[in-house]
Amino acid sequence: MDKMVINGGKVLRGEARTSGAKNAALPILFSTLLAAGKHRFTNVPRLMDIDSTSALLESLGCKITRDGNNLDIEVGELTSIEAHYDLVRKMRASILCLGPVLTRYGQAIVSLPGGCAIGTRPIDLHLDGMKAFGAEIELKEGYVRASAKKLKGCTFLFETATVGGTENLMMAATLAEGTTVLENAAKEPEIVDLAEYLNKMGAKITGQGTSIITIEGVKALKPAEHRIMPDRIEAGTLLIAGAITGGDVKVTDCRPKDLEALILKMKESGFTIETGDDWVRVLPAKSWKSVDVTTAPHPLFPTDLQAQFMALMAVAEGTSVITETIFENRFMHVQELVRLGAEIIPKTRVAVVRGHKNGLTAAPVMATDLRASASLVLAGLVAKGETVVNRIYHLDRGYENLEAKLVALGADVRRAE
Ligand code: EPZ
């Protein structure tokens, strides 16, 4: 079904449980290519991107069995070392199979990921890193062809903090000869979750979560078991859903520590936020102030919550300046929010949001990418009337049953043709 229909004005109340993190599950599933045998995962979210990853792993010869949020991967000798364009074009994170296949098999052929709505998404740092390990890299006919007898540990300085680049090189380093030091490594919690799984497989990684990660290469790894960490972006999205409706929502099975930047900004805006070991709760607010936000690598404000927070600022009181420093085209949701009545002036990397309480009125809008669709759903929760979000399939890439969770909180949301 291609549309989501939202009748705005309901105040959300109750509890919503966070699913497993898409951006932890994807690299962890690719890391299974490093070790033959049966890997077992729980709390794996049921998402299109997980299905795409499963399809790619099966095309390489893996056997996957899925039972709800449990997922087992049987990795044998690969029947192919090629990640085909038809699979990679559906999900850019497929580039994360490069490191594992190259370091374990000495060669890999991976389709170059295409463009993406939010930015050019280059992989130059992934490839520079593989060359630093001593790999030959050739770009031909839309594919990366990488080969190396044996990767050699190295010290690699990332000129930009890159989540995927850090993950790809960390995985490649686990079976490289000698020691690798990744400098200016990304510090996202999903990288820590991946490193934890790699260490369960027998890797020797330290420093994950800081900007210096050290990996001692080992001869071989063995399969293990892991529970995927909670999805901090989904948790933040659910918290904003409670906040924007003036509701009282407790998000459970999440990690407040991972949401620190968002919680600080919501408190600055005037919301009362309570936290426990594994839950965060936003209390009812009649109005809230506009605050400025600048996205940046973890632990600062996540780019993946920028669109959602902009919806909250569209109905705040005052003017909010939102600066997007990570991706060059991550304001695709702005014109759609304007169709709902928001007053937003977009510049290149900055959007000025003039907030108006009750300023949103329903209209048909178009989802353009995963987090933009979440932003439009959040705005629809408070827009007067019936908002129809078209191309809602973008949402299914990264949110497990979001509408069911919102309906359970009292929202009037349904899918439609
Ligand atoms: C990951 O993408 C996430 N995806 C993104 O989430 C997230 O927005 C992003 O990290 C930033 O936090 C997954 O984990 C699957 P980057 P990734 O490499 O790894 C530049 C979502 O909504 N760069 O950290 O692709 C790049 O252009 C998605 O769930 C290079 O220049 O992001 C960007 O400006 C969207 N050269 C910056 O680094 C490279 O070789 C950060 O990108 C690699 C990246």
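The values are calculated or read from the model by the stated rules, or taken from the named source; none is laboratory data. As the structure is a computational prediction, the values presented were derived from the model and not from experiment. Because the Cβ atoms are built from the backbone with ideal geometry, glycine has one as well, and the counts that use them run over all protein chains shown. To get the accessible areas, we keep the full protein, side chains included, count just its heavy atoms, and leave off ligands, DNA and RNA. Shrake-Rupley method; radii C 1.70, N 1.55, O 1.52, S 1.80 Å.
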Just the residues that are among the hydrophobic types (A, V, I, L, M, F, W, C) and without any contact (Cβ under 8 Å) to a residue 40 or more places away in the chain, please, taken from the stretch 305-325. VAL321, ILE322
List, please: which pairs have Cβ atoms under 6 Å, are six or more places apart or on different chains, and start with a residue in the stretch 142-168 that is aromatic (Phe, Trp, Tyr) and end with one that is more than 8 Å from the ligand (Cβ to nearest atom)? TYR143/ILE109; TYR143/SER111; PHE156/GLY129; PHE156/ALA132; PHE156/LEU182; PHE158/ASN184
Quick one: in the stretch 213-247, of everything that is open to solvent by 10 Å² or more (accessible area, probe 1.4 Å) and assigned to a strand (DSSP E or B), which residue is nearest to SER373 (Cα to Cα)? PRO230
Step by step: first the residues of the stretch 288-314, then only those that are within 18 Å of the chain's Cα centre (by Cα) and in a loop (DSSP other than H, G, I, E, B), then the one that is nearest to LYS265 (Cα to Cα). Which residue is that? PHE301
Out of curiosity, is LYS187 open to solvent by 10 Å² or more (accessible area, probe 1.4 Å), modelled with pLDDT of 95 or more and more than 21 Å from the chain's Cα centre (by Cα)? no
Residue list for the stretch 366-378, filter: open to solvent by less than 30 Å² (accessible area, probe 1.4 Å) and not in a loop (DSSP other than H, G, I, E, B): LEU370, ARG371, ALA372, SER373, ALA374, SER375, LEU376, VAL377, LEU378
Do we have PRO45 as part of a loop (DSSP other than H, G, I, E, B), within 13 Å of the ligand (Cβ to nearest atom) and surrounded by fewer than 22 Cβ atoms within 10 Å (Cβ to Cβ) here? no
Can you tell me which residues in the stretch 100-136 are assigned to a helix (DSSP H, G or I), within 15 Å of the ligand (Cβ to nearest atom) and open to solvent by 10 Å² or more (accessible area, probe 1.4 Å)? ASP124, LEU125, HIS126, LEU127, ASP128, LYS131, ALA132
Of everything in the stretch 327-348 that's of a type in the set (D, E, K, R) and modelled with pLDDT under 95, which residue is least open to solvent (accessible area, probe 1.4 Å)? GLU328
On the given criteria, is THR179 within 28 Å of VAL75 (Cβ to Cβ) and surrounded by fewer than 17 Cβ atoms within 10 Å (Cβ to Cβ)? yes
Looking at ALA363, is it within 25 Å of the chain's Cα centre (by Cα) and either buried (at least 24 other Cβ atoms within 10 Å of the Cβ) or not hydroxyl-bearing (Ser, Thr, Tyr) (or both)? no
Scan the stretch 49-64 and give yes if some residue there is assigned to a strand (DSSP E or B), open to solvent by 10 Å² or more (accessible area, probe 1.4 Å) and in contact with a Ser or Thr (Cβ under 9 Å, 6 or more places away or on another chain), otherwise no. yes
For the stretch 8-42, give me the residue count where each residue is away from the ligand (no atom under 16 Å from the Cβ), open to solvent by less than 40 Å² (accessible area, probe 1.4 Å) and of a type in the set (D, E, K, R). 0
Out of the stretch 137-173, which residues are open to solvent by less than 10 Å² (accessible area, probe 1.4 Å), part of a strand (DSSP E or B) and of a type in the set (Gly, Ala, Ser)? ALA146
Residue ID - farthest from GLN107 (Cα to Cα), chosen from residues in the stretch 72-97 that are under 19 Å from the mean Cα position of the chain (by Cα) and aliphatic (A, V, I, L, M): MET91
When restricted to LYS250, LYS265, the only residue assigned to a strand (DSSP E or B), in contact with a helix residue (DSSP H, G or I) (Cβ under 9 Å, 6 or more places away or on another chain), at negative phi and buried (at least 16 other Cβ atoms within 10 Å of the Cβ) is LYS250
First in the stretch 398-411 and more than 25 Å from LEU26 (Cα to Cα), second anywhere and in a loop (DSSP other than H, G, I, E, B) and open to solvent by 40 Å² or more (accessible area, probe 1.4 Å), Cβ under 8 Å, 6 or more apart: GLY410/LYS10; GLY410/VAL11; ALA411/LYS10
Return only the number of the condition from (1) open to solvent by 10 Å² or more (accessible area, probe 1.4 Å); (2) within 16 Å of the ligand (Cβ to nearest atom); (3) out of contact with any helix residue (DSSP H, G or I) (no Cβ under 7 Å at 6 or more places or on another chain); (4) touching a residue at least 40 places away in the same chain (Cβ under 8 Å) that GLU77 does not satisfy. (2)
